[in-house]
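The values are calculated or read from the model by the stated rules, or taken from the named source; none is laboratory data. Just so it is clear, the structure is predicted and the values come from calculations on it, not from any experiment. We place every Cβ from the backbone using ideal geometry, glycine too, and count neighbours over all the protein chains shown.
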Amino acid sequence: MPTDDDKLNARIRRYVAGEMEPEELQNFERDLTTKPELKDDVDLYIAMTANFNAEQKLRLKSLAREHNLRPQIPIPEEEEAVSSDKKRGKVVDLSGSRRTSRGGWKLPAAAAILVFALLGGIWFSQMGGKANPEHLAMSYLDTPFEAPTKVMGEASNSEALWQAAVTAYEQESYGKVVTLIEQLQNKGVKNQENQFYLGIARLQKNPADPKGAIEALSSARKLNPTMLQQEIDWYLGIAYLLGKDKVAAKAQLDKIVQNKAWHWKDAEKLLQQF
């Protein structure tokens, strides 16, 4: 009969592999916010399964980013993708390396698992299953959209706010970007450019605000129906996904693929996860 540790390990594997059903995923992510020891377990599991496969690395980074996880071993910045037919590794069994206390794992056991993964490949890359489209969508936010121009042509005070917002965007301080552009809005300065970047910043900030992003991006589209439409469509698709509106997301992504618009191949990959 599976022990409690076995059951927990299985849940962590399903979570990282994107195999949980919506209700189970919701319950697990709620537990992540209230149980530090569970977060520690996921941190270490992500670290142990983050090498060796570039495509899976993007998903693991998105998980870490979405839930503010802090893997004890950094996720590598560069990996070489390895085809699954060359990797016939064993399933990593965490049941024998459970923590001796609620504070951390046994270091020798963790090291042994890492060596196992290095020598034989890792179970996670063998799954071949579908990732949650939300997690894949988050990975596409790892590459920021280019920063806007700092020249807005408004009154001096508004110009200073915009320049500060652009600087914050360049520094990837997205929460600050949101605050500054919202101040611009309160002064009556609302145009396609600042609404577009407000939408992106609301997606990029931690935690993300997909509903607010949809509002800003939709506003940007209405303010100028001829500019940035493909870019707006792409970020709207991501926003709908992160907001768990899969019907709207699918419609948006289908449109991108049909028109072979900006990021259409990435949109196709997202659609394959539905």
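Brief remarks on what is shown
- Taking first residues from the stretch 173-191 that are in the same structural domain as Leu228 (by TED's automatic domain parsing) and within 20 Å of Arg221 (Cα to Cα) and partners that are assigned to a loop (DSSP other than H, G, I, E, B) and of a type outside the set (S, T, N, Q), the Cβ contacts under 7 Å between residues at least 6 apart in sequence or on separate chains come to Val178/Lys205; Val189/Glu154.
- Residue match in the stretch 204-213 (condition: in contact with a Lys or Arg (Cβ under 8 Å, 6 or more places away or on another chain) and hydrophobic (A, V, I, L, M, F, W, C)): yes
- Cβ-Cβ contacts under 7 Å between residues 6 or more apart (or on different chains), taken from a first residue in the stretch 230-252 that is over 18 Å from Phe145 (Cα atoms) to a second residue that is hydroxyl-bearing (Ser, Thr, Tyr), are listed as Ala248/Tyr240; Ala249/Tyr240; Gln252/Tyr240.
- Meets criteria (modelled with pLDDT under 95, surrounded by 18 or more Cβ atoms within 10 Å (Cβ to Cβ) and part of a helix (DSSP H, G or I)) for Ala213: no
- For the stretch 143-161, a residue qualifies if it is at pLDDT below 85 and surrounded by fewer than 13 Cβ atoms within 10 Å (Cβ to Cβ), and the qualifying residues are Thr149, Val151, Gly153, Ala155, Ser156, Asn157.
- Test: residue in the stretch 243-266 that is under 20 Å from Glu134 (Cβ atoms), surrounded by 15 or more Cβ atoms within 10 Å (Cβ to Cβ), touching a Pro at 6+ places or on another chain (Cβ under 9 Å) and among the acidic types (Asp, Glu): yes
- One residue from Ala249, Ala267 being assigned to a helix (DSSP H, G or I) and either in contact with a Lys or Arg (Cβ under 9 Å, 6 or more places away or on another chain) or outside the structural domain of Lys211 (by TED's automatic domain parsing) (or both): Ala267
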